[in-house]
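Q: Below: one structure in structure tokens.
Every number in this text was worked out from the coordinates using simple rules, so none of it is lab data. Small disclaimer: the values here were computed from a predicted structure and weren't measured. Glycine gets a Cβ as well: all are built from the backbone with ideal geometry, and neighbour counts include every protein chain shown.
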Amino acid sequence: MTSRGLATRYARALFDVASKEADIQQVGREIGAFARFVKGNPMLSRTFSNPAIPVQRKRAVVEQLIPHAGRLTPAVSKLLLMLADRDRLALLTEIASAYESRLMDLAQVVRAQVTTAVELPAERIGALQQGLARATGRQVQLETRVDPSIIGGAVARIGSTVYDGSVTTQLQKVKERLAAAAAE
């Protein structure tokens, strides 16, 4: 199984436990904060991902970190210790991301990225967000990027779906049609 698949399974299990025993939003904040802390500490990150370091030492590090991480719900503490025991602490960032995606699914929220050649005014971003919300039937968390190489138009990504309305892509299609017509 891939690391992403494992992370998704751990996130699903954490979500199921949290929905019965804790506040699912609080658990999401806690696992996300712990993952960001580990990712932001290069030595800790290398320690958790290094297979040469014994599992017992990794567990000891987690046991020392838990009291300093603030008040963690029992579900998060148990997950962190279980990940240490199974030498899966390297999955922490992916687990936090998968958990956040699960929360967003529950709240009917989808992430979208829109790339344009120039910076868009706030009212245009709002209109795009509303249009994407109508198209998806969900609330949209919109992230905008600027990439001058697309010349004009926009490229929107919603999950794994890409809507490419960039001038660069349109020019490429015209070029392909002209080449095909010339070959005939």
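Q: Anything in segment 1-11 that is farther than 19 Å from residue 85 by Cβ and either surrounded by 13 or more Cβ atoms within 10 Å (Cβ to Cβ) or in contact (Cβ under 8 Å) with a residue 40 or more places away in the chain (or both)? List them, or say none.
A: Matches in segment 1-11: 4, 8.
Q: Would you confirm whether any residue within segment 117-132 is touching a residue at least 40 places away in the same chain (Cβ under 8 Å) and either surrounded by 14 or more Cβ atoms within 10 Å (Cβ to Cβ) or touching a Lys or Arg at 6+ places or on another chain (Cβ under 8 Å) (or both)?
A: Let us first name the residues in segment 117-132 that are touching a residue at least 40 places away in the same chain (Cβ under 8 Å), namely 117.
Keeping just the survivors that are either surrounded by 14 or more Cβ atoms within 10 Å (Cβ to Cβ) or touching a Lys or Arg at 6+ places or on another chain (Cβ under 8 Å) (or both) gives 117.
Yes.
Q: For residue 142, are the conditions met, namely being in contact with a helix residue (DSSP H, G or I) (Cβ under 6 Å, 6 or more places away or on another chain), in contact (Cβ under 8 Å) with a residue 40 or more places away in the chain, surrounded by 15 or more Cβ atoms within 10 Å (Cβ to Cβ) and within 30 Å of residue 22 (Cα to Cα)?
A: In short, no.
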